[in-house]
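Notes follow once the structure below has been shown.
The values are calculated or read from the model by the stated rules, or taken from the named source; none is laboratory data. Just so we're clear, the structure is a prediction, and the values are computed from it rather than from any experiment. Glycine gets a Cβ as well: all are built from the backbone with ideal geometry, and neighbour counts include every protein chain shown.
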Number of protein chains: 4
Amino acid sequence: MSSTYGDKIKISVFGESHGNGIGVVIDGLPAGFEVDFDRVLTQMARRAPGKDKTATPRKEKDLPKVLSGMLGNRLTGAPLCAVIENTNTKSGDYGNLLDCPRPGHSDYTAFVKYNASNDIRGGGHFSGRLTAPIVFAGAVCRQILESKGIKIAAHISSIGNVSDSSFCPTEIDDALIEKLNSSSFALIDETAEKPMRDAVEDARMAQDSIGGTIECCVTGIDAGYGEPMFEGVEGVIAKAVFGVPAIKGIEFGKGFELSTMRGSQSNDPFEYKDGKVVTTTNNCGGILGGITNGMPIIFRAAVKPTPSISQPQRTVNLQTKENAELVIHGRHDPCIVPRAVPVIEAVTAVAIINLM
Amino acid sequence: MSSTYGDKIKISVFGESHGNGIGVVIDGLPAGFEVDFDRVLTQMARRAPGKDKTATPRKEKDLPKVLSGMLGNRLTGAPLCAVIENTNTKSGDYGNLLDCPRPGHSDYTAFVKYNASNDIRGGGHFSGRLTAPIVFAGAVCRQILESKGIKIAAHISSIGNVSDSSFCPTEIDDALIEKLNSSSFALIDETAEKPMRDAVEDARMAQDSIGGTIECCVTGIDAGYGEPMFEGVEGVIAKAVFGVPAIKGIEFGKGFELSTMRGSQSNDPFEYKDGKVVTTTNNCGGILGGITNGMPIIFRAAVKPTPSISQPQRTVNLQTKENAELVIHGRHDPCIVPRAVPVIEAVTAVAIINLM
Amino acid sequence: MSSTYGDKIKISVFGESHGNGIGVVIDGLPAGFEVDFDRVLTQMARRAPGKDKTATPRKEKDLPKVLSGMLGNRLTGAPLCAVIENTNTKSGDYGNLLDCPRPGHSDYTAFVKYNASNDIRGGGHFSGRLTAPIVFAGAVCRQILESKGIKIAAHISSIGNVSDSSFCPTEIDDALIEKLNSSSFALIDETAEKPMRDAVEDARMAQDSIGGTIECCVTGIDAGYGEPMFEGVEGVIAKAVFGVPAIKGIEFGKGFELSTMRGSQSNDPFEYKDGKVVTTTNNCGGILGGITNGMPIIFRAAVKPTPSISQPQRTVNLQTKENAELVIHGRHDPCIVPRAVPVIEAVTAVAIINLM
Amino acid sequence: MSSTYGDKIKISVFGESHGNGIGVVIDGLPAGFEVDFDRVLTQMARRAPGKDKTATPRKEKDLPKVLSGMLGNRLTGAPLCAVIENTNTKSGDYGNLLDCPRPGHSDYTAFVKYNASNDIRGGGHFSGRLTAPIVFAGAVCRQILESKGIKIAAHISSIGNVSDSSFCPTEIDDALIEKLNSSSFALIDETAEKPMRDAVEDARMAQDSIGGTIECCVTGIDAGYGEPMFEGVEGVIAKAVFGVPAIKGIEFGKGFELSTMRGSQSNDPFEYKDGKVVTTTNNCGGILGGITNGMPIIFRAAVKPTPSISQPQRTVNLQTKENAELVIHGRHDPCIVPRAVPVIEAVTAVAIINLM
């Protein structure tokens, strides 16, 4: 039940990091839609590892093979299944993890849940690698959304204490969206890149890792999507976003800052603009009562530091039932925030298309 | 599709603020379980309005009448339905809202979504009053959880800029939980009550309102609950919590603070304690890879200021299609945070029981 | 999880025969739709007991009270909840059933499933009385369907060995549908009424009961509804129809008769008629590959004889763990087929609206 | 949304007859369970074509490749994905079907539903070939059921007018189940094989096809599984069984025959046998009130004649919008009943495991 999302467009993710392959089944897509496959590959490339010093040196092709649901580039209406073969895996690196769970990882909880039978190699089904099929699914879904005028973009809002600018919450122009959508280190203000990369490099040199935040927007969505209560837009997006490994917080509009505000400050005044109802501020992040109000949806997600660090760490040995020290070998990102940006866009696309 | 939650224990909330009644159907409860109905009423009383200056003066009985699913106090296995009749409604207060949506409210989005047919009186189905049946459902679910040793407690973490202490994330004792569970202004450190009430009173005197945060914990839950990806514990709880009106953010463990930390700081070391695997810190909020690790689950939610304020506000007139000024009459909480505490506990109970 | 149906229009049925009330919550209805409440009551009257010798003499008002979701007669978009109070219950009649399960009834299976805690009085949640809220839900759903040109009608296809005529599978006229929709002993050929009533009376005089079949059609539905595989129209309707107590079989089009046919006989030839693709026969019951083909949907359901009969029957005593003899007192229909007709129409309406 | 089934063990089928591959994702399987892969292959071989004159001469390997969810033969808890590559396809055979839908097939309904974009070759996603991954899923699920003492077997109940014996409804022995489970022409009474094969051969010689029925049983299932109303065992099984192409009817226990019986005949008397509650007859097919009563579950399904026949048939040309005559070339089973037997067992296994 774990790895599926959605009622209308249902995605079902499968695979383990060092198994035969990973992939996704997407059910409910509109027959006849023409997929621009190059743009799908572009999104997958943004997430792929090995691009620069912020990412793991493990190189993969990550080329998805479509098994069904597409004839030429046209969707047939049958479930769309894409598979990515696993190659270039170095399973030997993970030997000692069978007994000694990595702090901050799913090793221990998976050990308990799956009766010690889960595939520990490379994190198995919990591997960040499983976000590749999610990006595939999102890349298809966002093309469908774009055909209705709905666009999604995210950027690195912060890494450690270095921040990018924020979206202008009431007006986000298409040029910015396009720039972010094609960037592998997506920033509104590119002067932040240098200090961010420095922060990552500092962490890496210290055999450590570092966290950050991602801000995401959805533009061009009309008022009236979403449902009251438990199918409100916030809940629907949150469920998708928390499906991404390492996400530990989400806030919409002004989010936690609203808790220190007064109603007279936080309420977004309505006004007519070009015959359309808009709000002059967008503290609510485009959502009122769980329903879109026609303004951009804006949220921010917190990414924890990569738990795999090279420093010795305190853990337990589940075989000997004694405390232990662990040194993790292998290849790991000191900061996953840049690569998580297209993943957040992808799950947002999957969430939004399920509101339609 | 809007007002239901859960796969295993399914709750379906119905009602409108000024209709004949509100209520909830709870399907999937264990037959034979004895409900302590007095404790259900205690929880509902904590949420009920009219207790003091922080709450609306509208007084209600809010006594739930059980239509089915319970024989004596014992669950029969049939869907449990409880109804609360609506009395003491003063619908005349809401006349001008039909044309002029209140900023920060669902009036406009509901108008668009429901083709202007929704019951606007008192906020209709979007009313905070609909949290009463949610508290009923949660009060039943938490008794079932308690029979398995799982307890839930929340407190006012902050109102405006006044903060309460936080839970000790690795060890939360039962006495504290019991105290919070029976309080209508739930605080860990009671010296925060006076400045918090002052902050609310200041807002009220200024014809304004004020927001806050709520921290919630779940103790006694074993490792191994939850699923990877989209049914992870964070996502399951978030979907339930965003079902509560006015919630705009949620973070687990250190949450957004993790974004500025390094892995060596944020990773929770494992150790054996009394033969059991524990972590020495709990920055992850009891959840790794979407699965409980046996430590307390801890999260914090952001509550926006009550949007209904008495000051004149800028809005639009949907009939004349002109900009307008709105003055809201009627009875409104200047701060809903204290009353939202039992609601957060309730939705958490409903979420957790669905992980079992 | 038991008593809910539907993804798009979700109905959630609650209640027990001798509890405080029974009812239904319907979520997802279109806001703004005007309900003709008199026609809802007509449908409920068709199902209500006490009309003539085929039905139980227990008389009830069965008047539904709408708690939410309707303002005047207009749907508000909020969940529609209707409650029917239980009155005129004679619980004393059911005393010995606590120990001795009635053959053919759910007494034993409910005893096992619900740990002996289920409300046995009147069959509890398993009572045929719970079909009253289902008829309410169906009556609303079918009005929405009718506004799109889709009509549903059923008739008593047989009682014992006495048969009515069948629908002409390729063309069913509105006058017939209207006649059946307002009848409490719905027949295409009314000359079957006398021998059918005689068969029922014979069974009643013999302290026995008798089964039958119901044929149902859906007209005016376009080609293209339904999904391949597990969400095919047959499966969607079957799941709804098997939700009605006493139904033990369902067949679409020629159904079981197809098993003795050859492809050259069973295949329905296509042809153009008035510019539209039709089939010249309708052996498939309007469904190909799980998807509607634009012809009337036609199915037949088998109704088992009422299990409550006055003759002594062999059973067990669950307390003494010995074999026992049971004599059932109380009021029971010797044949539920006539009253089941509007129930079948109702669940069909709920199923069909979920295909839209 | 179409091709998924189940809440607890969720299967998601993908693929098209002449695409790159077909397969299934199975989510929710118990980690640590050892799969006997040879027995999985045995079930798949029973369904595979090319065995004898009753089946299509198209030969395939149909060997499933497991991409994830299994390490060695042990389930890891991650979604189990198996892929079968498509080879030996002769797409040229299907040219004229693009314009002229085959009577009795999904060609026309898929054309309407999928905007003429569906993959028509070999029936695309509607192909009987898609039952191969279903058999894979069922073969895994039934091993898990068997580990709990639950067995499933089906046989050819009839082909045309030739019938096999029926299961003894109160006692079905393991030897019979084992025999049926390993047979590719599964019969209780093997003397029926000759006349059945003759009936098929007669149809084939006449360029025609023929239907039949399949009877299926589930033994060893305790009382208390299933839910009242819409999640009753009949509905749950029916939804799965109608997911198999060509199924047009289902009946439980005596099914349609119950409609001509009296209650005194149809009610199954209870008695104690070896300290356990049993029924002396099993007219209800092991299900009362939607819940298992501990007796074998028994149902019968109607299979329509294969719609693909070589005789000229009347159809329409969707391009020219004129009536047309169609002659189908290619390789087709004159009777799919024998090969459908393991498919019915498979979907039953998937249905039953979802009741647990």
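Looking only at the stretch D:261-312, residues that are farther than 30 Å from D:V200 by Cβ and touching a His at 6+ places or on another chain (Cβ under 9 Å) come to 3 in all. Looking across the stretch C:257-266 at every residue that is within 29 Å of the chain's Cα centre (by Cα) and surrounded by fewer than 23 Cβ atoms within 10 Å (Cβ to Cβ), the one that is nearest to the other protein chains (Cβ to nearest Cβ) is identified as C:T260. Within the stretch D:288-338, if we keep just the residues that are at the interface with another protein chain (Cβ under 8 Å from one of its Cβ atoms) and among the polar types (S, T, N, Q), the residue that is surrounded by the most Cβ atoms within 10 Å (Cβ to Cβ) turns out to be D:N293. Listed by first and then second residue, the pairs linking a residue in the stretch C:62-75 that is farther than 18 Å from B:E85 by Cα and in contact (Cβ under 8 Å) with a residue 40 or more places away in the chain to a residue that is assigned to a strand (DSSP E or B) and not charged (D, E, K, R), with Cβ atoms under 6 Å apart and 6 or more places separating them unless they lie on different chains, are C:D62/C:I84.
Residue count for the stretch A:70-79 under the criterion of being outside any strand (DSSP E or B) and either more than 7 Å from every other protein chain (Cβ to nearest Cβ) or among the hydroxyl-bearing types (S, T, Y) (or both): the result is 3. Against the definition (away from chain D (no Cβ under 14 Å) and among the aromatic types (F, W, Y)), how does C:F14 come out, yes or no? The answer is no for C:F14.
If we scan the stretch B:249-272, do we find a residue that is touching a residue at least 60 places away in the same chain (Cβ under 8 Å) and not basic (K, R)? Yes. Taking the residues in the stretch B:267-282 that are at the interface with chain A (Cβ under 8 Å from one of its Cβ atoms) and in a loop (DSSP other than H, G, I, E, B) as candidates, determine which candidate is farthest from A:S106 (Cα to Cα). Within the stretch B:267-282, the match that is farthest from A:S106 (Cα to Cα) is B:G275. When restricted to residues that are touching an Asp or Glu at 6+ places or on another chain (Cβ under 7 Å) and part of a loop (DSSP other than H, G, I, E, B), the stretch C:283-311 contains 7. In a residue-by-residue description of the stretch D:82-95, the property of being of a type in the set (F, W, Y) and crowded, with 23+ Cβ neighbours inside 10 Å applies to no position. A:K273 meets each of the listed conditions (1) surrounded by fewer than 24 Cβ atoms within 10 Å (Cβ to Cβ); (2) in contact with a helix residue (DSSP H, G or I) (Cβ under 7 Å, 6 or more places away or on another chain) apart from (2).
Among residues of the stretch D:331-352 that are touching a residue at least 12 places away in the same chain (Cβ under 8 Å) and more than 14 Å from D:R129 (Cβ to Cβ), none has a Cβ under 6 angstrom from a residue that is among the charged types (D, E, K, R) and not in a helix (DSSP H, G or I) at a sequence gap of 6+ or on a separate chain. For the stretch A:33-42, filtering for residues that are facing chain D (nearest Cβ under 10 Å) and either touching a Phe, Trp or Tyr at 6+ places or on another chain (Cβ under 7 Å) or part of a strand (DSSP E or B) (or both) leaves 1. Looking at the stretch D:43-69, which of its residues are at pLDDT 90 or above and more than 13 Å from chain A (Cβ to nearest Cβ)? Matches in the stretch D:43-69: D:Q43, D:M44, D:A45, D:R46, D:R47. Can you tell me which residue within the stretch A:11-35, out of those that are within 19 Å of D:G69 (Cβ to Cβ) and surrounded by fewer than 24 Cβ atoms within 10 Å (Cβ to Cβ), is nearest to the chain's Cα centre (by Cα)? The extreme case among them is A:S17. Close Cβ contacts (under 7 Å, 6 or more residues apart or on different chains) running from residues in the stretch D:102-129 that are facing another protein chain (nearest Cβ under 7 Å) to residues that are of a type in the set (F, W, Y) and crowded, with 24+ Cβ neighbours inside 10 Å comprise D:P103/C:F270; D:S106/D:F126; D:Y108/C:F270; D:A110/D:F126. Hey, among C:I144, C:I120, C:I134, which residue is touching a helix residue (DSSP H, G or I) at 6+ places or on another chain (Cβ under 7 Å), farther than 24 Å from C:C216 by Cα and aliphatic (A, V, I, L, M)? The match here is C:I120.
So that you can scan it fast, the table gives a plain yes or no per residue for (1) in contact with a Ser or Thr (Cβ under 9 Å, 6 or more places away or on another chain); (2) of a type outside the set (A, V, I, L, M); (3) on the phi < 0 side of the Ramachandran plot:
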| residue | (1), (2), (3) |
| --- | --- |
| D:A116 | no, no, no |
| D:R121 | yes, yes, yes |
| D:R129 | yes, yes, yes |
| D:P133 | no, yes, yes |
| D:A139 | yes, no, yes |
| D:I144 | no, no, yes |
| D:S147 | no, yes, yes |
| D:I152 | yes, no, yes |
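There is at least one residue in the stretch C:265-278 that is among the acidic types (D, E) and touching a Pro at 6+ places or on another chain (Cβ under 8 Å).
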